[in-house]
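Remarks on the structure that follows.
The values are calculated or read from the model by the stated rules, or taken from the named source; none is laboratory data. As the structure is a prediction and not an experimental result, all values here were calculated from the model. So basically every Cβ, Gly included, is an ideal-geometry build from the backbone, and we count neighbours across all protein chains shown. The area values use the complete protein model at the heavy-atom level, side chains included, leaving out ligands, DNA and RNA. Shrake-Rupley method; radii C 1.70, N 1.55, O 1.52, S 1.80 Å.
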Amino acid sequence: MNLYDPFARYYDADFRHFHDDVPFYREWARRTGDPILELMCGTGRVLVPLASAGYRLTGVDLSPAMLALASERLAAEGLADRVTLIEADVRGMVLPENHFPLAFVAVNSFMHLTTIEDQLAALAAVRRALTRKGTLIIDLFNPDPLAITREDGRMQLERSYELDGRYVQKFVVIESDAAEQISHVTFIYDETAADGALTRRTMQFTMRWLYRFELEHLLARAGFTLRAIYGNYDLEPYTAASPRLIAVASPRR
């Protein structure tokens, strides 16, 4: 079973209402046209609105459960014929070459690639899939060294919500290693049924954060030309105080 499969419904509940980046991707889709490739597409949070806007897309994810939820959502919206879902590891995915004018990795998903070898493998695969003048967008959080030093393993309640008639509390524990640029993350979901029965599910994973020039060098090593670095979805210039670190690049032919 894939690590993320048991938590697909929680992931969907955590992020389904996040739409801040949708206008950003819709505008890039308008500029580039389709077909569009989303790596690590999860449960289809971005695929659905872009398909609703008339674009053809391919979504790639490693988790069958995530893709099943995406498929259900697309079918419910009558959009299944606009989106191809592929279960694959982005490091070794096989896609049509020179096919996509736009590819993107949304909200921190690239950080699940925790080694340089994994990052380069994924970038090589997407580079092959992009057209000659294609666009790659990678959206990361902008690491704050002071905030990272406070990630010392204390458990914090992140959110509470109703899910399938049950009350869910999500706790988060993060321990970060500044030297390795690795965060060890634990999600704890306490789910309370109507009769008071409590079920706890725990998910552990690691994420690696990147700094601006590290990201630029990584893209260059992978054969990309950097076109822009933005600090938010409004395309404002990147600064130390920016909430996001968004790279826009094209294959170097």
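Among all positions in segment 89-105, there is at least one residue which is under 29 Å from residue 241 (Cβ atoms) and in contact with a helix residue (DSSP H, G or I) (Cβ under 6 Å, 6 or more places away or on another chain). In segment 225-253, the residue that is farthest from residue 128 (Cα to Cα) out of those that are basic (Lys, Arg) and part of a strand (DSSP E or B) is 244. For segment 82-100, the criterion of being among the polar types (S, T, N, Q), more than 19 Å from residue 122 (Cβ to Cβ), in the same structural domain as residue 11 (by the TED database) and outside any loop (DSSP other than H, G, I, E, B) is satisfied by no residue at all. Number of residues in segment 149-176 that are open to solvent by less than 60 Å² (accessible area, probe 1.4 Å) and not polar (S, T, N, Q) equals 10.
Set side by side, the residues 52, 71 differ, and just one is open to solvent by 10 Å² or more (accessible area, probe 1.4 Å), of a type outside the set (Val, Ile, Thr) and closer than 20 Å to residue 89 by Cβ, which is 71. Surrounded by 15 or more Cβ atoms within 10 Å (Cβ to Cβ) and more than 25 Å from residue 114 (Cβ to Cβ): does that describe residue 85? The answer is no for residue 85.
The helices (runs of 4 or more DSSP H) found entirely in segment 1-77 that carry 2 or more residues being in contact with a Lys or Arg (Cβ under 6 Å, 6 or more places away or on another chain) are 47-52.
Taken together, 127, 200 contain a single residue that is farther than 26 Å from residue 12 by Cβ and open to solvent by 20 Å² or more (accessible area, probe 1.4 Å), which is 127. Counting only residues that are exposed (fewer than 15 other Cβ atoms within 10 Å of the Cβ) and either over 24 Å from residue 31 (Cβ atoms) or within 21 Å of the chain's Cα centre (by Cα) (or both), segment 90-101 holds 2 of them.
Filtered by the rule that a residue be part of a helix (DSSP H, G or I) and open to solvent by less than 60 Å² (accessible area, probe 1.4 Å), segment 102-114 gives 109, 110, 111. Within segment 207-228, restricting attention to residues that are closer than 9 Å to residue 249 by Cα and not small (Gly, Ala, Ser), the residue that is surrounded by the fewest Cβ atoms within 10 Å (Cβ to Cβ) is 225.
The listed residues are 42, 59, and the only one of them that is within 26 Å of residue 248 (Cα to Cα) and either in contact with a Cys (Cβ under 9 Å, 6 or more places away or on another chain) or of a type in the set (Lys, Arg) (or both) turns out to be 59. Among the numbered conditions (1) open to solvent by 20 Å² or more (accessible area, probe 1.4 Å); (2) in contact with a strand residue (DSSP E or B) (Cβ under 7 Å, 6 or more places away or on another chain), the only one that residue 38 does not meet is (1).
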